[in-house]
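Beneath this line is the structure, given in structure tokens, with notes to follow.
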Amino acid sequence: MAEATQNVTLTVNGRSITAPKGTLLIEACKQHGIEIPAFCYYPGLSLQGACRMCLVEIEKMPKMQTACTTPVAEGMVVQTETEKIIQARKSTLELLLANHPLDCPVCDAGGECELQDMTFKYGAAESKFIDIKSHRDEQQWSPVVFYDRPRCILCYRCVRVCGEGMDVYALGIQNRGQGSVIAPNMGDKLDCEECGQCIDICPVGALTSSSYRYKTRPWEMKHVGTVCTHCGDGCLTTVGVRRSENGSEIVRCDNRDRSGLNDDFLCVKGRFGFDFGASPERVTTPLIRRDGKLVAATWNEAISVVAENFQRVLSTSGGKAIGVVGSNHTTNEENYLLQKFARGVLGTNNIDHHRTADYPSFARAIAAVKAETASTNDVAAANAFLVIGGDLSEQHPLLAWHVRTAIRQRAARLYVINSSETKLDRKAIGKAHIGPGSEAQLAAFLGGDDMAAMRLGANAEELGAVRDKVNAESGLVVMLGAEVRGHALDALIAHFTPRGAKFVLLGEYANSRGAADMGLFPDLGPGYKKIDAPGLDLKHTLEAAAHGTVEALWVVGANPAANMANPAAFTRPFLVVQDLFLTETGAQADVFLPAAFAYEKTGTVTNTCGDLQRLKKAGDVSGTKPDFEIILRIAEKMGADVNALVPFRGQTVADQGQSRGVQSGEADRTSVFNAARGVASRTSPLDPTITLEEIAGTVTGYAASLLELATGVAQHTTLVQIDAATIPAHPELVSPAGNGLFASGTMGRYSAALKAVAAEHTKSPETVGAD
Amino acid sequence: MATLVSHPDEVKVVTSRLGKGAASIDRYLELDGYKAVRKALELGADGIINEMKASNLRGRGGAGFPTGMKWSFVPKESAKPKYVLCNGDESEPGTCKDRLIFEHDPHAVIEGAMIAAIATGAHAAYIYIRGEYRYLLEIMQKAIADAYAKGFAGKNIFGSGYDLEVYWHGGAGAYEVGEESALMESLEGKRGVPRIRPPFPAVVGLWGGPTVINNAETLASVPHIMLMGGAKYAEIGVERNGGTRLFSLSGHVERPGVYELPLGYSLRKAIYEVGGGIANGRTLKAVVPGGSSVPCLKPDEIDVALDFDSMMKAGTMLGSGGIVVLDDQTCIVKFALRTIQFYRHESCGWCIPCREGTDWLSKSLKRFHAGGGVAKDIDNLRYLAENMLGRTFCPLGDAAAMPIIGFVKKFREEFEAHLDGRPCPFEKHGAPNALPVLSR
């Protein structure tokens, strides 16, 4: 497909510019710093030529032409800012403003409105029209989407992003002429994925969200770029925060700056599911169980009780009587520190986490045949995809977006082999059904064993057609659902690797992959290094807790009680829980430590593709602390060598507070200054960056550029150098939570927005195994 | 059913079968029907296109693009199927010529479409008829069925080995769909909004295939050109404007109706001789010569030849050949209002200048005519219309802007007479309905 790009040279405003043949004039100009205004043009979506703002003069053309629909041509002579053009743009703005309500002082878009910006630029300030504006009432289309019709300028971006981008087609145009309106295609409510892309892409304040509307002025917010806390795709998001009486309040999430691996994409969870942080049920003070009841305590009291009890169990029964449960949500640094502390100080390998995908087997399979994992950018750039199992649209909305975009823009090829129907199937050019749980047989069939089709419960002809096509593909990105586990992974990866494929194993939560890479396993340490004396896995730890052989249980950011029938596992041991809410597990704690979540701390997370990205602290809620700090304070209280756990340099310096300094994820300017002068810098033990340096230096595959990471560039981690021979397979321990589009474990359960959306779509987040 | 009119100055080519029962296929065959397509099959593609080029036939829809040249743009080889489309979405105010053809001579359209298909290598032809012309659609349906029954359409037409399917399609009621690319969207089952061009239909048209789209009158002229020869047809008209044209004469004339006149005929004669002069003994105030979409001409400007080039020189356009005559009792402001209300209603809403411009012209003119005008309105009307012109997605915006600019430019004093809360001078004098009626 690689054609030699032919360049053409054209003249714009007297300047000679060069652009690849076929480039749209508006894009060619943009690349050379010449701005041509437009409302309806949106890169990546179909062309409209509807707003007429991008009219330019082209020599030899009698009429002005739209730069958004005109490809560049050799020798083309273009003017973009003549008096005639400026007058045309000005009059178009005048016409828009004639009916557009000038309620800018209260409009959500005020201050970040493209119509305002263009009016400012072209100065359509005089109102020539004295007739009455047309008015129509505002409509609510869904729990999260509102439409203010008079504000709409009919650029059709929303219609296109919904149809072309999301493959949902919930929006259309009704009526004609001046009566034209954007409207749901089915009835007066949206039948959609509630992604809010339509709101995000709206150049004016016509589409607004329930979470943001009439709440703030854009300039009153602090905008912090970080990583979405929900699924495993790791979208970058810009969190808009305002001060509130107990710290700060998040009022908006979007990725308007199109940074990172998700361009401007966010799904319903990323865009609206941030409100759990401000839930009235959020615990903001440590709790200690006294006389059977959880009562408020100070951090010092709570940490002391935890340290004393851990010390007690350690001295009476040893480390094997302590069980630790880690999290799919906490950062790599926190997970690394947790297992380092558990193994080194608590002396236990009874450490595990809720496994949503079989990452150890995946690592073993990749390393065994020196295969390559696909980064999110690899997925976005691929021209052929094979999805085996899983449900991309429901559980990995960003990856589904990238697949759809590749199909739409580059005619990429999608093949799906699955035991259930998924929305993405309709985009596939090859599709085959296999029986549930038969994934292990698939590689045999793909390798030529026709009899395997029987064992797969598949139609041999249908599956055979897909086999022929995928086997002929080179450069395939193979995405494997969480149901593909154990030796099925080995077999499939071994089959496709000689064909130049790259692989993704789909895991559910924001840091499921990171939790595995950081070694939250009883038998594997960071980088899947074998532990010589394995401890108990999660299931056996809980059983031992119920039987009293595990006497202290420490649950960090997880909710194992939601999936565990035996209540004694939580009532019998001394139970410490770090979480945001009194979940099924938290409610039974002896000590509950209120934790901060991803938008309230710094650190790194690894997405399902293995891309390492950095969190940046957006805000905080008084009384909560990041797990990193909590773990370290417990360690210190127990008399552990803090410097050994977090090899900070120099003496301990006070943290500068959570909203500034190390916890904010900002560069430490003092260190930079000191380093430049050749003076050893002092660092804080509470700075996760120290642990990140340790991870980058010691965890196989994590040798990332910390500088790039700090600037928001995702670093793809690798599994290929891992010692495959020593990784045991435990596919039976994997149990995906089954979060769909409107569910996100504990966070989803406490998000009013997600609950409202889920109720509208008759999917209950309560039925999801949460943590 | 329209009453047929006649005048000695007419040259009856396209209208030669009108009133002779040619909607019946047998009668059509008696009147030399389906001879042209047989001749075309012998001539072959290049032969047909040469005749068409020689005929100087220019598109009768309004834009006047040379038909032979249009056909020659269709690529010989195409991976996608090629199509011929008849644009029968006749909706221009003051224009009612295609409906006569559909009613009296539907087979001429079918035959013309067949010849276009043979010339371009298309194997499917669609005849798209305006939704409001429901009764004509039924006539066309029967005509197509009859052609199939005789083996003239379908597989192996006339035993030539050439396959050609002919389909009909009814519109849903949109003036905009008269624009060729919007018509294709409509035919494909989508909203009737125009497409981005280029690519032009000859290269990427219906369902992405190369497409020839011609007005019904254009296609109905084609069989006659085949039979009489292109050169002979060209002789009827004037230079670069071959043949005849159907003119829909309406408004305040004594004998309104559709007349077939040679191109280059005098506009003055059309009004005063063919049309019998201004009705009710009144005098001429203005004439809108090309449907409603063109600048008007004043009484001292009507010594102009009715062909594409002469009209252009006179600052207006031949357009669809709809000549709307306004007498001295017509309020130009009200006429402008009525005109813009049509465009406001028919704007598809796709692009900003047309959608918002027609709405604001309409709002302003309504208030203005009702006595609410202020002095700056007059300049604003012109400013608005001039800023729509040439900036809209499709020609509908131009069609709305041009007449308004013309009215304000040429009849400013009438606008001024409405100022300062004064009632409309024409309604005050008791003219019951100063708006012209299109046919009586």
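Annotations for the structure displayed:
- Expected 222 nm ellipticity per residue - DSSP helices of 4 or more, -39500 (n - 2.57), all of chain B, to 500: -12000 deg cm²/dmol
- Cα centroid separation, region B:376-410 to region A:167-203 (Å): 32
- Among the residues of A:129-139, the average count of other protein chain beta-carbon atoms within 10 Å of the residue beta-carbon is 3.
- Antiparallel bridges, percent of DSSP beta bridges restricted to region B:14-236 (to nearest 5): 10
- Once the Cβ-Cβ distance of B:Glu235 and B:Ala375 is raised to the sixth power relative to R0 = 60 Å, the FRET efficiency obtained is 0.65.
- Global form of chain B, assessed from the alpha-carbon gyration tensor, a/c cut-off 1.5: prolate
- Projecting label points 7 angstrom from Cα along Cα→Cβ for B:Arg268 and A:Gln721 puts them 9.6 nm apart.
- Crossing angle, helix B:332-346 versus chain B [Cα axis fit, 0-90 degrees, rounded to tens]: 50
- Counts of other chain beta carbons within 10 angstrom of each beta carbon in peptide A:166-173 average 1.
- Summing Lys and Arg as +1 and Asp and Glu as -1 over all other residues whose Cβ lies under 13 Å from the Cβ of A:Arg364 gives a net charge of 0.
- Cβ-based charge dipole, region A:359-506, positive-most Cα from A:Leu456, A:Ser375, A:Ala488: A:Ser375
- Computed lengthening from A:Lys215 to A:His547, 0.36 nm per intervening residue step minus Cα-Cα distance: 114.3 nm
- Evaluated with a Cβ-only charge set (Lys, Arg +1; Asp, Glu -1), the protein assembly as shown carries a dipole of roughly 1800 debye about its Cα centre, given to the nearest 20.
- Neighbourhood charge, 11 Å Cβ-Cβ cut-off, centred on B:Ala153 and excluding it, Lys, Arg +1 and Asp, Glu -1: -2
- Whole-Hz Karplus values for region B:216-228 come out as 4, 5, 4, 5, 5, 6, 4, x, 5, 5, 4, 6, 8 Hz, taken residue by residue from phi with 6.51 cos²θ - 1.76 cosθ + 1.60 and θ = phi - 60°; glycine and proline positions read x.
- For region A:176-303: rounded, prolate or oblate by the Cα gyration tensor [a/c cutoff 1.5]: prolate
- Distance between the modelled labels on A:Glu83 and B:Leu29, one decimal in nanometres: 6.9 nm (7 Å Cα→Cβ projection).
- Extension gain, A:Ile429 back to A:Ser259 (0.36 nm per residue minus Cα-Cα distance, nm): 58.1 nm
- Residue-averaged beta-carbon neighbours from other chains (10 angstrom radius) around A:85-98: 4
- Label-point gap, in nm, between A:Glu112 and B:Gln141 - each point 7 angstrom along Cα→Cβ: 5.6
- Anisotropy class of region A:449-491 from Cα gyration tensor, a/c 1.5 cut: oblate
- Computed from the C-beta positions of A:Asn471 and A:Arg410, the FRET efficiency with R₀ = 22 Å rounds to 0.55.
- Helix B:134-149 axis, angle to chain B major axis (alpha carbon atoms, nearest 10°): 10
- Taking every alpha-carbon pair under 8 Å whose residues sit at least 6 apart, region A:359-506 reaches a relative contact order of 33 percent.
- Top positive-direction residue, dipole computed over the protein assembly as shown with Cβ charges, set A:Thr717, B:Ala375, B:Ser364: B:Ala375
- Calculated log₁₀ intensity ratio I(q)/I(0) where the Debye formula runs over C-alpha points of region B:50-145, q = 0.14, 0.16, 0.20, 0.23 Å⁻¹: -0.57, -0.74, -1.08, -1.28
- Using a Förster distance of 30 Å, the FRET efficiency for B:Tyr148-B:Lys76 (Cβ separation, nearest 0.05): 0.60
- Fully extending the segment from A:Ala125 to A:Ser420 would add 100.4 nm, taking 0.36 nm per residue of separation and subtracting the current Cα-Cα distance.
- Cβ-defined net charge surrounding A:Asp449, 13 Å radius [Lys, Arg +1; Asp, Glu -1]: +1
Bear in mind these aren't lab numbers, they're just calculated from the coordinates by the rules spelled out. Here the structure is a predicted model, which is why all the values come from computation and not from measurement. Glycine also receives a Cβ, built like all others from the backbone with ideal geometry; neighbour counts cover every protein chain displayed.
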